[in-house]
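The values are calculated or read from the model by the stated rules, or taken from the named source; none is laboratory data. All values derive from a computational prediction rather than experimental measurement. Neighbour counts run over all protein chains shown; Cβ positions are idealised from the backbone, glycine included.
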Amino acid sequence: MTEKIITIREALSSALREEMLRDERVFIMGEEVGVWGGTYAVTRGFLDEFGARRVRDTPISEMVIAGAAVGAAMAGLRPVAEIMTINFAFVAMDAIVNHMAKVRYMFNGQFTVPMVIRTTTGGGKQLAATHSHAPEVIFAHFPGMYVAVPGTAYDAKGMLKAAIRDDNPVLFVEHSTMLQRRSPVPVDDPDFLLPIGKSDIKRTGKDVTIVTYQKGLEWSTQAAEMLAQEGIEAEIIDLRWLRPLDLEPVFESVKKTNRAVIVEESLPMFNVGAEVAAQLQEQVFDYLDAPVKRVSAMDQPLPYAANIELMALPDAQKVVKAVKEVL
């Protein structure tokens, strides 16, 4: 298997192209995905390569995009719908939560909904309060669909290809500030897939377990390198999927380190960290030598001013501080 260091954007584009070449039922739809090549240029060149039948620009209506994708999937196609940012998914909640996620259940399996909604999340772009959410956990609350949150180019490619091939609907959430992050990715294996619903140990350590995903992986990795200079070895578990949520590696890690810090960009109330902390208390309470710490965004709408926005978000220093508190 040949690997090449590419960006997350290139990994996503490669995954889409490979799956469209492999299966003619796969098509792309969304605002500006064709002529403009997607909001973040992931589908640049696809209209010329695959034509307007398989690369469809849509009206500026997320409810139409999600609803039409559900209908196309029920009819036997495999749509990959792009919603510009996850903030706009709020106006498509009925189609996503009540149709995409529930059709297979409500029809007792007579219909499947093999579709993917690609969208971006997160702050750090100075786009103010209504365009800087990280609300992936809201969608992970609902059974019937998967929620993917890749943090590396390697994961993005393998997870997106698996999502497109799966017969269940997937909300595939990319972080808009990470699309230029690079990592080695297989480039000559059209069947390179990563299993749905499996977390990954990104760094081994013996002193503390850091549980994270997506942008949190970046902050946690930076923090682990800073801590290592002081002789503290952190183990990093990347969840990769919020539904299905694979916590077995987390439990095993905490049994070894006896301490846990959870890092995410979401707001602190009712977030992923709350669920992980609750399950740690239920499953490995006797192994914990300190309370579980959580690092998240501040409990407020994200400010517009760049310096204040960064103050409201997590960073590596905040992770280091939390680790030292549990130690």
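Things to note:
- For LYS256, the requirement of being out of contact with any strand residue (DSSP E or B) (no Cβ under 7 Å at 6 or more places or on another chain) and of a type outside the set (Asp, Glu) is met.
- Of all residues in region 195-212, those that are modelled with pLDDT of 95 or more have Cβ atoms under 6 Å from Cβ atoms of residues that are of a type in the set (Val, Ile, Thr) and part of a loop (DSSP other than H, G, I, E, B), 6 or more apart or on another chain, in ASP207/ILE232.
- Of the strands (runs of 3 or more DSSP E) that lie entirely inside region 57-166, those containing 2 or more residues that are within 23 Å of GLU24 (Cα to Cα) span 78-83, 116-121.
- So VAL254, is it part of a strand (DSSP E or B), touching a residue at least 40 places away in the same chain (Cβ under 8 Å), outside the structural domain of GLY124 (by TED's automatic domain parsing) and closer than 20 Å to THR204 by Cα: no
- Number of residues in region 225-244 that are surrounded by 20 or more Cβ atoms within 10 Å (Cβ to Cβ) and touching a residue at least 60 places away in the same chain (Cβ under 8 Å): the value is 8.
- Residue within region 187-208 that is in a strand (DSSP E or B) and hydroxyl-bearing (Ser, Thr, Tyr) present: no
- Among the residues of region 1-47, those that are farther than 16 Å from THR152 by Cα, in contact with an Asp or Glu (Cβ under 8 Å, 6 or more places away or on another chain) and outside any loop (DSSP other than H, G, I, E, B) comprise ARG17, VAL26, ILE28, MET29, GLY30.
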